[in-house]
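Peer 1: Dropping a structure here in structure tokens format, bear with me for questions.
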Amino acid sequence: MLTKESDYSRTSTLAADTYVFQVESDVCTKADIRDTENAAKLRRTACLTGSLSIEALYYNLAPIDADSVDSKSVQLDSCDVKCEKQLSEAVKKPPPLVRKRTFDGQLIYKLGEKGSGTRVQADIQDFESIRSMCLANGSLFEDPLFPANNESLLFSQRPDRHIEWMRPHEIADDPQFFVEGYSRFDVQQGELGDCWLLAATANLTQDPNLFFRVVPPDQSFEESYAGIFHFCFWQYGKWIDVVVDDRLPTYRGELMYMHSTEKNEFWSALLEKAYAKLHGSYEALKGGTTCEGMEDFTGGVTEWYDLKEAPPNLFNILHKAVDRNSLMGCSLEPDPNVLEAETPQGLIRGHAYSITKVCLLDIAVPNRQGKIPMIRMRNPWGNEAEWNGPWSDSSPEWRYIPEDQKQEIGLTFDRDGEFWMSFQDFLNHFDRVEICNLSPDSLTEEQQNSGKRRWEMSMFEGEWTQGVTAGGCRNFLDTFWHNPQYVITLADPDEDDDDGKCTVIVALMQKNRRSKRNMGMECLTIGFAIYHLTEDDLHTRPQGVNFFKYRASVGRSPHFINTREVCARFKLPPGHYLIVPSTFDPNEEGEFVIRVFSETQNNMEENDDHVGYGSPTDDKVLPNLPNPMDPRPNEGHNESLLKLFKSIAGPDMEVDWMELKRILDHSMKDDLPKSTSYTPYNYNVQNADVGGGAPAEGGGLNILALICGPFCKGTPFESIFSEGNEQNPSNANQTKPGGYMGLPPVIMEESSNGFSKDVCRSMVAMMDVDQSGKLGFEEFEALLTDIAKWKAVFKLYDPEQTGRIDGFKLRDALNSAGYHLNNRILNALAHRYGSRDGKISFDDFLMCAVKIRTYIDIFKQRDTENKDVATFSMDEWIEKTIYS
């Protein structure tokens, strides 16, 4: 029986600076995490650790895979040179193109490099090349992309005192990258509110394999020192190498931000600087979660549990996490009045503990025997601060454990900060546990051979675009189905699951929000829903509004929340499932990465339409179209059309784009929307009457004068940009109705001048087989037939005849016209032709139809075997695309 999913309601609970909309059954709920120190409960640090002790390797060099790597984006690495002469030769003759890889074989991209997923930069910095040049020149590197100034510190205000940027040798005698190795003691917080990053950094020190992937060992203050260092971070599926100089912000000679307990140790301070550069400034690092930092250091998926509301299978979750080398940690609620208060049982409040082992131990007591769930933890300080309750060091309970099992688990009673607890005591005395599930590639071959298991992972990148694919949550049924959709197939249940179900972790992460905080962008409120699919459902791509109207979700994120990532774990029977990621409200734009972890193989794909076109199939459109198979009723019309064509085309009997524009402007003037104007500063929308008053004389020039004038003084262009103000010198300081500073409104959207030049040129190119730039009568007649079809479709989706349709109707409108497009193409069309309010005008709708038709035709001409593969030389592709 079909069931209708209940409406979503929200109730708010205020606690400190945390606003949480409580969860109701099958309801979208919204949470808001405020970036203040008071929201400690939701950002509390937890120490995550691994037990590896293998030799650390940072990267392997491998030849570039020509099939998967853009050769134009590959940077050159300098040769290892021993003298200045060899260096000169190396600069003149660079080594063969190679791209570095992490220890687990993943490609490393440069910050700002094309294909890296980060904002593209003109200057791509290669660590070894820059260091070699600095050594050859005898200079210390100064980073022009992250300069030593206030903009690199703060974006919202100026510093309240003088900040001096100093190099390590100016701060301390005998500066070192590492002093006697590295440990969590090297991570001390400064004035910046990034305790979440410090906790993640401290956790990273527990695993040498992961640590040296982030902190390359090929740098120091002795050998080949040139004032340049680099670090590697995971960003949305790719590893990014970030180069920095070693100038650090100080006040009165002391480091202001992250630092080590050893004054002459600087790896942690430089790591923080590289992470700040990645996100634009130090201030951008204020407020976050340990989970976010751990994911950027490992590429894993992090989940956390409130132990007061622990799921019944939590022990099994932790036990399996150990088998997959996951990093785990736990913590207690801090005492607001006492820093690191100690409980009677010897535990430290507000302190982070590492979980190093989870297992079942054989136990035999008089008249009874069985297994007891146990957890081994470590206080990362490594001192005598240990649990003193049952199963603590030298506790009498240990006499009930067989000696061979004690040896198997490596039981010792040293005062080293490591201790055991029963799982029940763990639940009673701790408040929170975090698990960082590592990606499959993070396990080395040695770890896999030793019995460690790996997760199976699928990942897709997507985008929410206003008016097209940003449909909001299930509360907004009419637009919800427009969100990107993904199908996962779970074939086999977990090996040891008695119920025959599959473990699935779904993680939805929004991209690049922290690095855009200086532009006022904060995290969107995001979440996801999961629906079961039948075999018949798989034939529908994508699922429409009726599917969601009558289907209830089988899983969903606990709430919609404005953190970088939302993650949840599910137990689902084998089968097909639909995942719909969304923002809480419609029309919120952003990019995202969605990852699915499972214990057994999962297959994931986008649930989207296949690209192509054919004849219109919409019954509402077909009656309004001319029938090409029955020309008799149209004979009079054809004669009138030929007469019109001759009068405009002239003796050559061909029309170019300008003549076509005259015809369209005259015949379809009622289909174009009214002008929409925006002032350049306040973006207030105004309706401008067609043919209304002209702008004030020199108005457009005044805009250029304001922008360009100051930069053109003393050049031949000075007089040009001063003309407008000379005509009316008072304009610059007067405010007039309808403008700003005396400037008229700037037309940013649909103009009143009829069809644009671009759409007319594109129409000609679509029908112009011989690329003459003109159309004969037959081509012109075929074009008008297409236009009539597109006009009928447009009117169907513009019932109020505004000349504009909502972007959410674009997919359906193009489908009615015979086009089948996926989300990526729809997003591109919206970015190119949509207005600020997510609308598509009539001439822009025609442009969409023309462009798609033209490019598909170009492709199909070369795809002679219908294999969706076409080959073009560069000059052929440029010729085709430029003309069309």
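The values are calculated or read from the model by the stated rules, or taken from the named source; none is laboratory data. Predicted, not measured: the structure shown is a model, and the values here were computed from it. FYI the Cβ positions are ideal-geometry reconstructions off the backbone, even for glycines, and counts take in every protein chain you see.
Peer 1: Whether any residue in the stretch 215-228 is buried (at least 23 other Cβ atoms within 10 Å of the Cβ) and out of contact with any helix residue (DSSP H, G or I) (no Cβ under 7 Å at 6 or more places or on another chain) is what I want to check.
Peer 2: No; the residues of the stretch 215-228 include none that is buried (at least 23 other Cβ atoms within 10 Å of the Cβ) and out of contact with any helix residue (DSSP H, G or I) (no Cβ under 7 Å at 6 or more places or on another chain).
Peer 1: Report, by residue number, each residue of the stretch 401-423 that is surrounded by 14 or more Cβ atoms within 10 Å (Cβ to Cβ) and not in a loop (DSSP other than H, G, I, E, B).
Peer 2: Within the stretch 401-423, GLU418, PHE419, TRP420, MET421, SER422, PHE423 qualify.
Peer 1: Now, a different point. Tally up the residues in the stretch 253-301 that are acidic (Asp, Glu) and farther than 22 Å from GLY181 by Cβ, please.
Peer 2: Looking only at that region, the number is 5.
Peer 1: Is it fair to say PRO159 is assigned to a loop (DSSP other than H, G, I, E, B) and either touching a helix residue (DSSP H, G or I) at 6+ places or on another chain (Cβ under 6 Å) or closer than 13 Å to TYR251 by Cα (or both)?
Peer 2: The answer is yes for PRO159.
Peer 1: Right, next: Residue under question is LEU846, and the condition is that it be touching a strand residue (DSSP E or B) at 6+ places or on another chain (Cβ under 9 Å), assigned to a helix (DSSP H, G or I) and surrounded by 23 or more Cβ atoms within 10 Å (Cβ to Cβ); does it hold?
Peer 2: no
Peer 1: May I ask you to list pairs of residues, at least six apart or on different chains, whose Cβ atoms are under 6 Å apart, with the first in the stretch 854-866 being under 14 Å from TYR613 (Cβ atoms) and the second being part of a helix (DSSP H, G or I) and among the aliphatic types (A, V, I, L, M)?
Peer 2: Once the first residue is under 14 Å from TYR613 (Cβ atoms) and sits in the stretch 854-866, its partners that are part of a helix (DSSP H, G or I) and among the aliphatic types (A, V, I, L, M) give THR854/MET766.
Peer 1: Answer yes or no as to whether PHE547 is of a type outside the set (Ser, Thr, Tyr), modelled with pLDDT of 95 or more, part of a helix (DSSP H, G or I) and crowded, with 16+ Cβ neighbours inside 10 Å.
Peer 2: yes
Peer 1: Also, quick follow-up: Go through (1) modelled with pLDDT under 95; (2) β-branched (Val, Ile, Thr); (3) surrounded by fewer than 19 Cβ atoms within 10 Å (Cβ to Cβ) for VAL554 and report which single condition fails.
Peer 2: All conditions pass for VAL554, except number (1).
Peer 1: Enumerate the helices (runs of 4 or more DSSP H) found wholly within the stretch 245-349, keeping only those where 3 or more residues are closer than 30 Å to PHE231 by Cβ and in contact with a Phe, Trp or Tyr (Cβ under 7 Å, 6 or more places away or on another chain).
Peer 2: Of the helices (runs of 4 or more DSSP H) lying wholly inside the stretch 245-349, those with at least 3 residues that are closer than 30 Å to PHE231 by Cβ and in contact with a Phe, Trp or Tyr (Cβ under 7 Å, 6 or more places away or on another chain) span 267-279, 290-298.
Peer 1: Take ASN602 and decide whether it is in the same structural domain as SER835 (by TED's automatic domain parsing) and at pLDDT below 95.
Peer 2: no
Peer 1: Being of a type in the set (Phe, Trp, Tyr), farther than 16 Å from TYR577 by Cα and either in contact with a Leu (Cβ under 6 Å, 6 or more places away or on another chain) or not in a strand (DSSP E or B) (or both), is that true of even one residue in the stretch 474-490?
Peer 2: yes
Peer 1: Oh, and also: Where residues in the stretch 162-189 are among the charged types (D, E, K, R) and outside any helix (DSSP H, G or I), which of them is surrounded by the fewest Cβ atoms within 10 Å (Cβ to Cβ)?
Peer 2: Result: ASP173.
Peer 1: Is the stretch 360-369 home to any residue that is within 15 Å of SER331 (Cα to Cα) and modelled with pLDDT of 90 or more?
Peer 2: no
Peer 1: Taking the condition buried (at least 19 other Cβ atoms within 10 Å of the Cβ), at pLDDT 80 or above and closer than 28 Å to SER281 by Cβ, does ASP143 pass?
Peer 2: Answer is yes for this residue.
Peer 1: Quick one: is GLY472 buried (at least 21 other Cβ atoms within 10 Å of the Cβ), touching a helix residue (DSSP H, G or I) at 6+ places or on another chain (Cβ under 7 Å) and farther than 17 Å from ILE530 by Cα?
Peer 2: Against the criterion (buried (at least 21 other Cβ atoms within 10 Å of the Cβ), touching a helix residue (DSSP H, G or I) at 6+ places or on another chain (Cβ under 7 Å) and farther than 17 Å from ILE530 by Cα), GLY472 does not qualify.
Peer 1: Can you find a residue that is surrounded by fewer than 20 Cβ atoms within 10 Å (Cβ to Cβ), outside the structural domain of GLU151 (by TED's automatic domain parsing) and in contact with a Pro (Cβ under 9 Å, 6 or more places away or on another chain) anywhere in the stretch 557-567?
Peer 2: No, every residue in the stretch 557-567 fails to be surrounded by fewer than 20 Cβ atoms within 10 Å (Cβ to Cβ), outside the structural domain of GLU151 (by TED's automatic domain parsing) and in contact with a Pro (Cβ under 9 Å, 6 or more places away or on another chain).
Peer 1: Oh, and also: Being more than 24 Å from ASP837 (Cα to Cα), of a type in the set (D, E, K, R), assigned by TED's automatic domain parsing to the domain that holds ILE858 and within 37 Å of the chain's Cα centre (by Cα), is that true of even one residue in the stretch 759-782?
Peer 2: Checked the stretch 759-782: at least one residue is more than 24 Å from ASP837 (Cα to Cα), of a type in the set (D, E, K, R), assigned by TED's automatic domain parsing to the domain that holds ILE858 and within 37 Å of the chain's Cα centre (by Cα).
Peer 1: Identify, from the list GLU522, GLU535, the residue that is assigned to a loop (DSSP other than H, G, I, E, B) and over 26 Å from GLY300 (Cβ atoms).
Peer 2: Of the residues listed, the single one that is assigned to a loop (DSSP other than H, G, I, E, B) and over 26 Å from GLY300 (Cβ atoms) is GLU535.
Peer 1: Given the structure, is LEU192 buried (at least 17 other Cβ atoms within 10 Å of the Cβ), touching a residue at least 12 places away in the same chain (Cβ under 8 Å) and assigned to a helix (DSSP H, G or I)?
Peer 2: When the stated conditions are applied, LEU192 does not pass them.
Peer 1: Please work out which residue is modelled with the lowest pLDDT, limiting yourself to the stretch 75-132 and to residues that are of a type in the set (S, T, N, Q), over 27 Å from the mean Cα position of the chain (by Cα) and surrounded by 14 or more Cβ atoms within 10 Å (Cβ to Cβ).
Peer 2: Checked the stretch 75-132; the qualifying residue modelled with the lowest pLDDT is SER78.
Peer 1: Could you tell me which numbered condition THR290 fails, if it satisfies all but one of (1) over 29 Å from LEU361 (Cβ atoms); (2) touching an Asp or Glu at 6+ places or on another chain (Cβ under 7 Å); (3) surrounded by fewer than 24 Cβ atoms within 10 Å (Cβ to Cβ)?
Peer 2: In the conditions (1) over 29 Å from LEU361 (Cβ atoms); (2) touching an Asp or Glu at 6+ places or on another chain (Cβ under 7 Å); (3) surrounded by fewer than 24 Cβ atoms within 10 Å (Cβ to Cβ), THR290 misses (3) alone.
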